[in-house]
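Input: a single structure, listed below in structure tokens.
The values are calculated or read from the model by the stated rules, or taken from the named source; none is laboratory data. Fair warning: this is a prediction, and the values are worked out from it, not measured in the lab. As a convention, Cβ positions derive from the backbone with ideal geometry for all residues, glycine included, and neighbour counts pool all protein chains shown.
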Amino acid sequence: MAKLGVGIIGCGMISGNHFHALSKLTTAELRAVCDIDAAKLRKAMEEQHAEGHADWRELIRRGDIDAVHICVPHYLHAEMSIAALRAGKHVLCEKPMGVSLAEAKAMEDAARESGKTLTVCFQNRYNGASRRMKEVIAGGALGRMLGGSAFVTWNRAEPYYRDSGWRGRWDTEGGSVLINQAVHTLDLLRWLAGGLELRGCTMSAKRLAETIETEDTCDMLLTDAAGGRYLFYASNCGPNNLPVQLHLLFEKGEMHLDGARLTVRGPESTSLEDYTTELAVGKDYWGSGHGPLIEDFYRRLEAGEPPFITPADALETTRLLEKAYTDPMSVRRRPT
């Protein structure tokens, strides 16, 4: 079977994870890259031995491109994904699924109407510890989930926002710590809990109030269908990037994730499982899931199966984001 041709739009830092994953595949090959930054484009072309485009529209018009990876700033996700789908390409889009629920729904509609596959890169679902947690929950040995908590305490300094041209602005990033850094943990918590509803959210800018329009700190109260309570806290005000902390409480035990170290306490035993040997490409706190997610995406395309993370699934995480960013309790919330 001929290999699927792949194009990547956006040659910034996160594209390295996509380049690395694609280099391991036998069913797909990178054929073209795109970036408006001439230096980034030239570097990607040389290192990946791919053809290059400064205009993303040229890339999606190519007949030898079957799938497109969207690795650009948030505000461009919907426009590029929808155009690529309508051009007959499968799409793997980096998080988030647009900067608003309306954009996410438009992406879902475009996928359905085109008949092409769309997935969103919530790669932390593919981390070994995440898969193990899902397996333990499905096994039922710990009983019903009663609630949990999640903490993302990282560091983003003023230059990270000031020098980017798009971060820290409502119209281009769509938020900050929640939609950009902590969205992976929010998605993971929602996936493990089987669905969550927002009960209250506060957002503020403490350290970066003079630098960004958006939030550097967020706390949320969520509940599951059975009324279990979940506390979610995220901040970019930390002195460094600490490992993500995720704790789930059950009738008969608990699970605690500290970065890549998972502790499972059951009614009869306690186990500690260390997944730190799953080396990530790029920043270690991205997790190790990009490779397995991209491999699974192309395996499912070849098999004619729907993606593991469907547009409808990813849309539910966007729905939580939308509610959080419009919550009247928030000091900083998205302008209407």
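Anything in the stretch 7-18 that is of a type in the set (A, V, I, L, M, F, W, C) and closer than 20 Å to Glu58 by Cα? List them, or say none.
Matches in the stretch 7-18: Ile8, Ile9, Cys11.
Select from the stretch 279-336 the residues that are at pLDDT 95 or above and among the aromatic types (Phe, Trp, Tyr) and write down the one among them that is farthest from Glu29 (Cα to Cα).
My answer is Tyr325.
Determine, yes or no, whether Glu108 is under 17 Å from Leu76 (Cβ atoms) and within 19 Å of the chain's Cα centre (by Cα).
no
Have a look at Leu231, Leu221, Leu196, Leu246 and point out the one that is touching a residue at least 24 places away in the same chain (Cβ under 8 Å), closer than 19 Å to Ala324 by Cβ and surrounded by fewer than 19 Cβ atoms within 10 Å (Cβ to Cβ).
Leu231
For the subset of the stretch 105-130 comprising residues that are assigned to a loop (DSSP other than H, G, I, E, B) and in contact (Cβ under 8 Å) with a residue 60 or more places away in the chain, which member is nearest to Leu301 (Cα to Cα)?
Thr117
Out of all the residues in the stretch 81-104, which are in contact with a strand residue (DSSP E or B) (Cβ under 8 Å, 6 or more places away or on another chain), among the aliphatic types (A, V, I, L, M) and part of a helix (DSSP H, G or I)?
The answer is Ala84, Leu85.
Are there any strands (runs of 3 or more DSSP E) wholly within the stretch 1-80 with 2 or more residues that are more than 18 Å from Asp296 (Cα to Cα) and not assigned by TED's automatic domain parsing to the domain that holds Tyr161, and if so which?
28-34, 51-53
Quick one: count up the residues across the stretch 308-329 that are of a type in the set (Gly, Ala, Ser) and farther than 13 Å from Leu178 by Cα.
Number of matching residues: 2.
Let's see how each residue does on (1) farther than 18 Å from Arg333 by Cβ; (2) part of a strand (DSSP E or B):
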| site | (1), (2) |
| --- | --- |
| Ile179 | no, no |
| Gly195 | yes, no |
| Glu215 | no, no |
| Leu221 | no, yes |
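Look at the stretch 297-312 and say how many of its residues are surrounded by 18 or more Cβ atoms within 10 Å (Cβ to Cβ) and assigned to a helix (DSSP H, G or I).
4
For Arg190, which of the numbered conditions (1) of a type in the set (Lys, Arg); (2) under 20 Å from Gly98 (Cα atoms); (3) more than 20 Å from the chain's Cα centre (by Cα) fails to hold?
Among (1) of a type in the set (Lys, Arg); (2) under 20 Å from Gly98 (Cα atoms); (3) more than 20 Å from the chain's Cα centre (by Cα), the lone unmet condition for Arg190 is (3).
State the number of residues belonging to the stretch 134-170 that are part of a helix (DSSP H, G or I), of a type outside the set (Val, Ile, Thr) and surrounded by fewer than 22 Cβ atoms within 10 Å (Cβ to Cβ).
8
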